[in-house]
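Have a look at the structure below, then the notes.
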Amino acid sequence: MTLGWLALASFVTTMVAIVVRIAQVAHQRAGRTEKVVLMALAVPASLILGASTVTATTVFGNQRHWHEDSRDLVVVDRTGDHGWQHATQDAVAVWNEAGADLRLTWEKGSGDCDFDGNRIGVCLGDTRIDGPFDGKSYDMVDNGHIQGAYLEVCADCRLDQARRREVAIHELGHALGLEHSEDPNSIMWYEGGGELEGEYAILSASHDHSEHPGWQYTLFDLLGGDAEFNNLH
């Protein structure tokens, strides 16, 4: 559970308690004037409660995605490994076929990976330090929008080329905003798979919209929401 969820849950619970208590006092002990005053307090409290609920639904109910101003993405393969380079090139081609409002290009690079705007780095990870893994994806999300992402793939796991390709597609899918699928045939199944059509539809839908009204995210920030850091395998 994120800090944003905790903040919103606490706020909504408090507002519910206030509204209920106002109603109880107004019904049981208040005179006519007091009832009018208490109801005048209850109405804005109820409106704030409703706005908070809408905020929670908007911020947490939508698939994380790249902002409409940041959809020209560059996948920078920094692995120095020809096998992974071919795999990540294939992954770029695969997700470009999704029909989503995203434009991916590929280039070869060097150095370390970090959050770098619309440049998605791919680096070799050390399984001796981080434990066994084929691939990982990291992203930073603020107000539902991905601010940056990078991938780590195993340096010493002796994967064949078909598995490397599958891992690259899966992890790049996370970097584009896709979660794990419950369908064991999907490429986004936690162990990977071959099916792409369902994920194409989700990716297209998450990037086919007008950006959400800013007041919801403003209220989210005021209630303690902040950027989220995701680490997905």
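Looking at the structure I just gave you, is ARG128 more than 26 Å from ASP69 (Cβ to Cβ), touching a helix residue (DSSP H, G or I) at 6+ places or on another chain (Cβ under 7 Å) and in a helix (DSSP H, G or I)? In short, no. Look through segment 160-176, keep the residues that are in contact (Cβ under 8 Å) with a residue 60 or more places away in the chain and surrounded by fewer than 24 Cβ atoms within 10 Å (Cβ to Cβ), and return whichever of them is farthest from GLY135 (Cα to Cα). Only one residue tops the list, namely GLN161. The residues listed here are ASP156, ASP139; of these, the one that is over 23 Å from SER204 (Cα atoms) and either assigned to a loop (DSSP other than H, G, I, E, B) or of a type outside the set (Val, Ile, Thr) (or both) is ASP156.
Read-outs: derived from the displayed coordinates by stated rules, not from any lab. The structure presented is a predicted model; accordingly, all values stated were derived computationally and were not measured. Because the Cβ atoms are built from the backbone with ideal geometry, glycine has one as well, and the counts that use them run over all protein chains shown.
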